[in-house]
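Data first, discussion second: the structure below is written as structure tokens.
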Amino acid sequence: MKIENFINENRPHESAIKHVSGQAHYTDDIPEPPGTLYGAIGWSKKSHAIIKKINLDEVIKSEGVIAVVTEDDIVGRNDVGPVFDGDPIFPKKAEYYGQPLYAVAATTTELARKAVLKAKISYKTLKPITTIQEALKKKSFVLKEKIIKKGEALKAIENSPYRLKGNFTTGSQEHFALEGQAAFVIPQEDNDFKVFSKTQHPSETQQIIAKMLNQKSNTITVETRRIGGSFGGTETQSFIFAAICTLLAKKTKRAVKLRIDRDDDIIITGKRHDFYSEYEVGFDELGVIKGLKLKLASRCGISPDLSGAINDRALLHIDNAYYLENVLLENYLCKTNTASNTAFRGFGGNQGMMAIENIIDHIATSLKKDSAEIRRRNFYQKKKKNITHYNMKIEDNIIQEIFDQLIKSSNYKSRMQNIKKFNSENKYIKKGIAMTPVKFGISFTTWHLNQAGALVHIYFNDGSVHVNTGAIEMGQGTYTKIAQLAANALGLPFNKIKVSATRTDKVPNTSASAASSTTDLNGAATLNAISKIKKNLSEYVKRKYKIKNSEGIYENGMVKFKGKIFKFNKLIKEAYLNRVSLSSSGFYATPKIHFDKKNFKGRPFLYFCYSAAVSEVIIDILTGENKILRADILHDAGRAINPAIEMGQIEGGFVQGAGWLGCEEVNWKTNGQITTHSPSTYKIPAVSDMPEKFNAEIFKKGKNIENVINKSKTTGEPPLMNAMSVFFAIKNAIASIRDYNINPKLDAPATPERILMSIKNLKKKYEK
Amino acid sequence: MAVINIEINGKKISKEVPDNILLSDFLRERLTLTGTHVGCDTSQCGACVVHLNGNSVKSCTTLVADCDGAKITTIEGLASNGKMHPVQEAFKKHHGLQCGFCTPGMVMSAVDLLEKKKNPSEQEIRDWLEGNICRCTGYQGIVAAVKDAASKM
């Protein structure tokens, strides 16, 4: 890529035509070879129990059943845990309601699903732990607790003129990607398996299946062309389905497809961690935080899964955009008898950010000040107050500029006055407004995951280009953006580039498409591969035409060297005939980052994304019903490669976040049984829940100061946190009932029920 | 088992089917029309919407046996003579899709709306699409696409 040759091109998603005409294949759409069988999984009806006996006689006899698999069929590792063990494929002891116990392959999906219901299982029921509180009390943890210290928090709190205490909860969230869990496995010669999986992580799927079968990784190929949304839900939670599907294929020696029914999907798989926090904060008369003591506890479910990294990210984001001089953090990873909670867009960062935003909001109400002003006063600064609680110097801070621009463009101040007037004139309908910032760190906090590979071929006969990487296309547009980068680097039209299905036999040892870093990493690896091919070409041209020290400029289908211009296709053909390699792998490893997890110090992030949002809501204080009236967002996407695609992430992330903090509530009975297992009991934002006025904008002056492709910034996770403004706008509307004099106690999600409870408590407090 | 005669995407077919087979399974498994997606299995997400005698229905809760004599259009039958329907064009242009899984159902619902009502208001579009869930886009591009398509039909 020529220096300063930046892309800024609104281009439709590369599969748009296929999507609107039903031609795009997802895992369940892949044509099946003759004799393909269909799977279904039988799962535990107890959340904690010793399994005394599983009688599968009736299952085996059931119509259409060809094979049944249990723990006995696993010759290798009976676990799909990504980092630590703890996620058995088929367990000896049931640890959550919905845990897989056996599976069948039958001639149709319907017959398989009918068959699994016929098992007779005798359990010895044990007492489950189902809540964070219970787990804290019983010291039931999946990993060791963490204590993090910066400065002297307790002393600073004690010496502060103002102090507050409180607790706060953010809820879980079901991923509900429209495409549910699915796998399709075709046995090959030599006991090899070809696995199609709905996953964000083909490489780990490959390794887990290989370990389960006690075979080498080179006998398993995993392929994923696209997935129908995921949001973290198939970073690890897809493994068990791919593993079980492979077991069935191995046993029957036939192709097997396993598509999980939606209810089973929600029951079997883990979700977002709910977090409980207790805080003690000291601050001055301006509302500037002097010391913070915070206890963060999360519901991890039965196993570590990714909970360690998720809790780390929560701890790394309890500052959000605020400078904290004295901090004492305690973190507990609670083991409960519920499905193992997992990655979900934001990956704990958003939960940490909500904890601090709630504290800031509490400070503002206690000082009777506008919360946006208190937020601004606590921001990180550029020259001083720029070291995080994990000792990283923030070098790219633009939160002040974004906040100031948005406060003006959204007319925040005058709208707040209008809202106060409206509230004084209306008894039962109240409005609220809030403004929140976002600072979100980009890179995997697990250092070694920050690497990517790519494979690029140029075909000599027509100059068309084939690109393969470890990136998973899940709707975020990474294939489109990678193809744009490749086209730009080679000076070719977009339609000469084809990004093909992600496969473990083309690019090995990939990281999950996660942590918002997919295009940053895989795009850079692609450019690295292209630069190697360009080097081959330029060496050839120098040798053949005696040109000295000239790099080719690739533009408009032409390649220009000093004194010699080629048509791209002609150069490629000529190079081939002169035995020059037109294919290369590429590699990228994120520079600068390092993090000492033990001492919780270092530079875990290459850069930060910044954003801010203003939301205005209306609530009915007799029913708790509520609506977002208007949302204004200003988001930093650096130099966006494809602004239209980034805008889709910004809008979609906001709505998903508004669901997390608003209408989406996961519930369990006291016996550990999940009750919100279908869209009839779990409410995802629909089109009518959208803000009536929605003004999302990309920060025009945005530029990544680090050496990232196109100087862009990712938009994967950060937009979700803009929805924090919706939650605090609701809280602001509730506070208006008592003239903003009392801090309402409101936990997330702010469902109508929770809003009513909050109002009731507020009235009680007032009457005292 | 019953023999049913139906017209799918302009093609007449006659098939013997079990009494309990769902239209979504029939389309996907017997006719390999896999553009009709199954998202929730329970008639709530809208990914499986097709047209039955000109009305949008959720095919995951429609029995094929009830469709005898009917005309069915799926997402694969929307384009005519290789030319995309204005709603298809608009979804592409306005980025009314990301992962694409809800798109076929969303497009089929939108087409039904525009065939019944020429220039719907934004509120009418939002009310109509209430039964189609999208988890990716935040719906902005979808509403913009339907509005734009309305002006072209």
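The values are calculated or read from the model by the stated rules, or taken from the named source; none is laboratory data. What you see is a predicted model, and the numbers here were worked out from it, not measured in a lab. Note: ideal-geometry Cβ built from the backbone for every residue, glycine included; neighbour counts use all protein chains shown. SASA here: full protein model, heavy atoms, side chains in, ligands and nucleic acids out. Shrake-Rupley method; radii C 1.70, N 1.55, O 1.52, S 1.80 Å.
Per residue, the convex hull spanned by the Cα atoms of the range A:15-139 amounts to 186 cubic angstrom.
How big is the charge dipole of the range B:86-150 about its Cα centre, in debye rounded to the nearest 20, if each Lys and Arg gets +1 on its Cβ and each Asp and Glu gets -1 on its Cβ?
Here the range B:86-150 has a charge dipole of around 120 debye.
Convex hull of alpha carbon positions in the range A:587-632: directionally averaged projected area 7.3 nm². Here the Karplus curve 6.51 cos²θ - 1.76 cosθ + 1.60, taken at θ = phi - 60°, turns the phi angles of the range B:65-71 into couplings of 4, 7, 9, 4, x, 8, 9 Hz, with x standing for Gly and Pro. Excluding the site residues themselves, the longest part of chain A lacking any GluC sites (Glu not before Pro) in a DSSP loop with at most 10 other Cβ atoms within 10 Å is A:286-768.
Applying the criteria of a DSSP loop state and at most 10 other Cβ atoms within 10 Å to the trypsin sites (Lys or Arg not before Pro) of the range A:333-422 yields A:Lys368, A:Lys383, A:Lys384. Ligands, DNA and RNA aside, A:Ile419 has an accessible area near 10 Å² when probed at 1.4 Å.
Filter A:Lys693/B:Lys83; A:Lys295/A:Lys597; B:Lys58/B:Lys117; A:Lys408/A:Lys763; A:Lys124/A:Lys144 down to the pairs with a C-alpha to C-alpha distance above 25 Å, please.
Over 25 Å apart, Cα to Cα: A:Lys693/B:Lys83; A:Lys408/A:Lys763; A:Lys124/A:Lys144.
Share of pairwise Cα-Cα distances greater than 13 Å in the range B:86-150 is 53 percent (whole percent). Remark on the range B:2-77: Rg and Dmax equal 11.0, 30 Å (Cα only).
With the simple spin-label model, which puts each label point 7 Å out from Cα in the Cβ direction, the A:Asp190 to A:Lys383 separation comes to 6.5 nm.
State the Cα centre-to-centre distance between the range A:637-668 and the range A:459-523 in whole Å. Centre-to-centre (Cα) distance: 23 Å. Comparing Cα centroids, the range B:76-107 and the range A:714-759 end up 37 angstrom apart.
Maximal additional length on extending the A:Lys763-A:Arg163 stretch stands at 213.7 nm, based on 0.36 nm per residue less the C-alpha distance.
Charge dipole (Cα centre; +1 on Lys/Arg Cβ, -1 on Asp/Glu Cβ; no other charges) of chain B amounts to roughly 540 debye.
Equivalent-ellipsoid semi-axes for chain B (Cα gyration tensor, √(5λ), whole Å, largest first): 27, 16, 13. Comparing the range A:451-589 with the 2.2 N^0.38 Å rule of thumb, its C-alpha radius of gyration ratio is 1.05 (two decimals). Remark: C-alpha extents of the protein assembly as shown on the principal axes read 79, 75, 61 Å, sorted largest to smallest.
Taking the range B:104-133 and a reference point 7 angstrom along Cα→Cβ of A:Lys18, the backbone N atoms nearer than 15 Å belong to B:104. Across chain B, C-alpha contacts under 8 Å between residues 6 or more apart give a mean separation that, scaled by the residue count, equals a relative contact order of 24 percent. Along the range B:43-53 the Karplus relation, 6.51 cos²θ - 1.76 cosθ + 1.60 evaluated at θ = phi - 60°, assigns HN-Hα couplings of 6, 10, 8, x, 5, 9, 5, 10, 9, 10, 6 Hz to successive residues, with x for each Gly and Pro.
Where the eigenvalues come from the Cα gyration tensor of the range A:131-209, what are the semi-axes √(5λ) of the equivalent ellipsoid, largest first, in whole Å?
Listed largest to smallest, the semi-axes of the range A:131-209 are 48, 17, 14 Å.
Mean residue ellipticity at 222 nm, helices only, the protein assembly as shown: -9000 deg cm²/dmol; runs of at least 4 DSSP H residues each add -39,500 (n - 2.57), and the sum is divided by the number of residues. Based on the Cβ-Cβ distance of A:Lys368 and A:Leu577, what FRET efficiency does E = 1/(1 + (r/R0)^6) give at R0 = 56 Å, to the nearest 0.05? Calculated transfer efficiency: 0.10. From largest to smallest, the equivalent ellipsoid semi-axes obtained for the range A:204-274 from the alpha-carbon gyration tensor read 23, 15, 12 Å. Full extension of the chain between A:Glu753 and A:Asn418 gives 117.9 nm of extra length, using 0.36 nm per residue less the Cα-Cα distance. Residues whose amide H comes within less than 5 Å of that of A:Phe84, counting only those at least five positions distant or on another chain, are A:Asp305 (H built at 1.01 Å from N in the peptide plane). With 10 Å bins beginning at zero, the pair-distance distribution over Cα atoms of the range A:80-229 amounts to 7, 21, 30, 21, 11, 7, 3, 0 %.
Solvent-accessible surface (1.4 Å probe) assigned to A:Asp85 amounts to roughly 100 Å². Annotation: average projected area of the range A:407-456 is 7.9 square nanometres, based on the convex hull of Cα atoms across all directions.
Taking the Kirkwood radius as Rh and the Cα radius of gyration as Rg, the range A:163-285 has a ratio of Rg/Rh equal to 1.21. Between the amide H of A:Asn695 and those of A:Ala631, A:Asp632, A:Ile633, distances stay under 5 Å, these residues lying 5 or more places away or on another chain, with hydrogens modeled in the peptide plane.
Sequentially through the range B:131-138, phi angles give Karplus couplings (6.51, -1.76, 1.60; θ = phi - 60°) of x, 10, 8, 10, 9, 9, 7, x Hz, Gly and Pro residues having no value and appearing as x. Database remark: amide H of A:Gln99 closer than 5 angstrom to the amide H of A:Ser44 (H placed geometrically; neighbours at sequence offset of 5 or more, or on other chains; Pro and chain starts carry no H).
Relative to one another, the C-alpha centroids of the range A:2-77 and the range A:231-266 are positioned 4 Å apart.
At 15 angstrom or more along the helix axis (alpha-carbon based) and mean Kyte-Doolittle of -1.0 or higher, what helices does chain B contain? Whole DSSP H runs only.
B:103-116, B:140-152
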